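The values are calculated or read from the model by the stated rules, or taken from the named source; none is laboratory data. Computed from a prediction, not measured in an experiment: that's the story for all the values here. Cβ placement follows ideal geometry from the backbone for every residue including glycine, while neighbour counts extend to all protein chains displayed.
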Amino acid sequence: MEGINFDLRQQTVRDLNSFLHSAEGKAKRGTIEVHHPDGAHSIAAGLNAPVKVVVHGHAGYYAAGMNMHADITIEGSAGTGVAENMMSGRVHVKGFASNSAGASAHGGLLVIDGNAALRCGISLKGGSIVVGGSVGSFSAFMAQAGRMVVCGDAGDGLGDSLYEAVLYVKGSIKSLGADAQLEPMGAEDLQILSDLLAQAGMGQHSAADFKRVASKRELYHWNADANQEY
Amino acid sequence: MCGIIGLLIKKPALRSELGRWMTPMLIGMTERGPDSAGLAVFSDPLSDDHARKISVYSGLTALGSGFDWHALAAALEKHQDSAVTVQTKDNHAIITVTGDPEQAQRFIKAYDPLLHLLSLGRSIDLYKDVGMPAAVAQRYDFAHMTGSHVVGHTRMATESAVTPDRAHPFTAGQDFCMVHNGSLSNPYQIRRMLEPRGIKFDTDNDTESACRFIEWRMREGDDLKTALETGFDELDGFYTLLMGTENQLALIRDPFACKPAVIAETDDYVAIASEFRSLAHLPDIDHAYVFEPAPQEMYIWKA
């Protein structure tokens, strides 16, 4: 089926997003190509249909935010908050991602081929994130559910105040946050991780080379004797 | 919010393009900073070692853009007992003096206390004013500026009032300027450290504290890198800071990277902006190396 092209030097982001939110746009089964994104904000935000969108260039803030069902590829880098609050579907950033990538994503898969900056996966609520490069400091802060895979290194304070999300890191971890701990990889971890790496197109990494980070669950209950030492 | 831009032209033959490339960068950051705009442009230093350029703003005087700069120049010439030249554009003049430049600055301030001294140096010219970035750019003809590097800013005020003197860039000493996206939490602590050393402030703006602090460190003998390292220890708050000296551009972000920056580099230029939106029009951008500067790292480029 024939695709459709948007050129953001000729059309506005509102033109694009209005189409993507319309009945016609939701029914589109070819690829929707977005040219000259030029770092514009909110490209392909709030989609709610199994459409395929390819962004040819660098996207600005909140690209593919709140995504449901759609498959969105960004050929360049993404600004702050890419795929924030994603519910389902797939978002693929081929370059790097700025701060707060995949923040509070409830579902779906976010793949970042390059590095992700600080606070990647903050407050993750069930989505999956696979980062081909490294993640910045305070990533997966207060992450509640879901999985984050880091094929490179992690910065300071990884998984601070973690709830039930599980993190897998292949490289070095500069420091773990409060209540985060390294745990042995189980058979289930290896299976889940291998599947995620395969889905992300990063099958060159072996699941056995990753470390598991999860919550100590010591912050779940108030401890009056902790004397502010966590 | 606020927007930051910086551009350093690597090939001297392309310095004539500075204004044409940089003006859309500045206007591209309008949404981040619609209340004021400004920039410092650095070009080849004056050939006379004893000559200095003083950028002066007349928008706060009674006559505003109708200020009689030539009467000031004539009086200053008499006072300095040496030649004075003046180039004017709307509210702005570049006054070139020989002899003691600080004495000349004092004379200008006494001549009309409502004149605002913007910068002093052998290579810096500084323009800033309130209004939309496109209007400020047009008022001072930014598009035709030439030079080796530029440091620019669009302001959305949070820490002090919207007035021309509180717009960025700020300067201290000679051939040094700073722009800031963010907010410092200890500007008064820094002021209280500097004021007993005789360092005077023009405004209550937080960025002015950081600017005067870094310049003071360099005057005390630190190189830029050492001064910035001290800055990481002393400056508390959120910041992306871009600084210009006669022959360098320097960029730092706070350890939490609260404020953005993105860099594009080609064989022809290094371009810095708060967001990629301001870089998208640059020549050969599709083949530029585009990256995000890491928090608490120093990025210094030589012009």
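Residues in segment A:46-57 that are touching a strand residue (DSSP E or B) at 6+ places or on another chain (Cβ under 7 Å), under 21 Å from residue A:96 (Cα atoms) and either in contact (Cβ under 8 Å) with a residue 24 or more places away in the chain or within 14 Å of chain B (Cβ to nearest Cβ) (or both): 3 in all.
Of B:279, B:241, all but one fail to be buried (at least 20 other Cβ atoms within 10 Å of the Cβ) and more than 12 Å from chain A (Cβ to nearest Cβ); the exception is B:241. Counted as qualifying within segment B:108-202 are the strands (runs of 3 or more DSSP E) with 1 or more residues that are of a type in the set (Asp, Glu) and touching a Lys or Arg at 6+ places or on another chain (Cβ under 8 Å), namely B:124-130. Return a yes/no flag: does segment B:88-95 have any residue that is over 23 Å from residue B:142 (Cβ atoms) and surrounded by fewer than 21 Cβ atoms within 10 Å (Cβ to Cβ). The answer is no, given that none of the residues of segment B:88-95 is over 23 Å from residue B:142 (Cβ atoms) and surrounded by fewer than 21 Cβ atoms within 10 Å (Cβ to Cβ).
The set of residues in segment A:88-99 being more than 14 Å from chain B (Cβ to nearest Cβ) and either in a strand (DSSP E or B) or on the phi > 0 side of the Ramachandran plot (or both) consists of A:89, A:90, A:91, A:92. Residues that are touching a Lys or Arg at 6+ places or on another chain (Cβ under 8 Å) and outside any loop (DSSP other than H, G, I, E, B) were ranked within segment B:37-54; the one that is nearest to residue B:19 (Cα to Cα) is B:39.
Just one of (1) touching a residue at least 12 places away in the same chain (Cβ under 8 Å); (2) more than 18 Å from residue A:61 (Cα to Cα); (3) over 21 Å from the mean Cα position of the chain (by Cα) fails for residue B:233. It is (1).
Let's see how each residue does on (1) farther than 26 Å from residue B:147 by Cβ; (2) more than 12 Å from chain A (Cβ to nearest Cβ):
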{"position": "B:253", "(1), (2)": "no, no"}
{"position": "B:260", "(1), (2)": "no, no"}
{"position": "B:265", "(1), (2)": "no, yes"}
{"position": "B:290", "(1), (2)": "no, no"}
{"position": "B:297", "(1), (2)": "yes, no"}
{"position": "B:300", "(1), (2)": "no, yes"}
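Results for (1) among the basic types (Lys, Arg); (2) within 25 Å of residue B:62 (Cα to Cα); (3) without any contact (Cβ under 8 Å) to a residue 40 or more places away in the chain; (4) touching a strand residue (DSSP E or B) at 6+ places or on another chain (Cβ under 9 Å), shown as yes or no for each residue.
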| residue | (1), (2), (3), (4) |
| --- | --- |
| B:117 | no, yes, no, yes |
| B:127 | no, yes, no, yes |
| B:133 | no, yes, no, yes |
| B:143 | no, no, no, no |
| B:146 | no, no, no, yes |
| B:150 | no, no, no, yes |
| B:164 | no, yes, no, yes |
| B:170 | no, yes, no, yes |
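Of all residues in segment A:71-87, those that are touching a strand residue (DSSP E or B) at 6+ places or on another chain (Cβ under 6 Å) and on the phi < 0 side of the Ramachandran plot total 9. Residues in segment A:70-87 that are more than 14 Å from chain B (Cβ to nearest Cβ) and surrounded by 23 or more Cβ atoms within 10 Å (Cβ to Cβ): A:70, A:72, A:83, A:84, A:86. Number of residues in segment A:46-69 that are aliphatic (A, V, I, L, M), surrounded by fewer than 24 Cβ atoms within 10 Å (Cβ to Cβ) and over 22 Å from residue B:286 (Cα atoms): the value is 4.
Just one of the listed residues (B:199, B:285) is in contact (Cβ under 8 Å) with a residue 12 or more places away in the chain and either closer than 23 Å to residue B:3 by Cβ or within 14 Å of chain A (Cβ to nearest Cβ) (or both), and it is B:285. In this structure, residue B:218 qualifies as of a type outside the set (S, T, N, Q), more than 29 Å from residue B:58 (Cα to Cα) and touching a helix residue (DSSP H, G or I) at 6+ places or on another chain (Cβ under 7 Å).
Kindly indicate whether residue A:118 is at pLDDT 95 or above, of a type outside the set (Asp, Glu) and within 25 Å of residue A:221 (Cβ to Cβ).
For residue A:118, the condition - at pLDDT 95 or above, of a type outside the set (Asp, Glu) and within 25 Å of residue A:221 (Cβ to Cβ) - is not met.
Which residue, of B:252, B:214, is among the β-branched types (Val, Ile, Thr), crowded, with 16+ Cβ neighbours inside 10 Å and assigned to a helix (DSSP H, G or I)?
Working: B:252 fails: assigned to a helix (DSSP H, G or I).
Criteria check complete, one pass: B:214.
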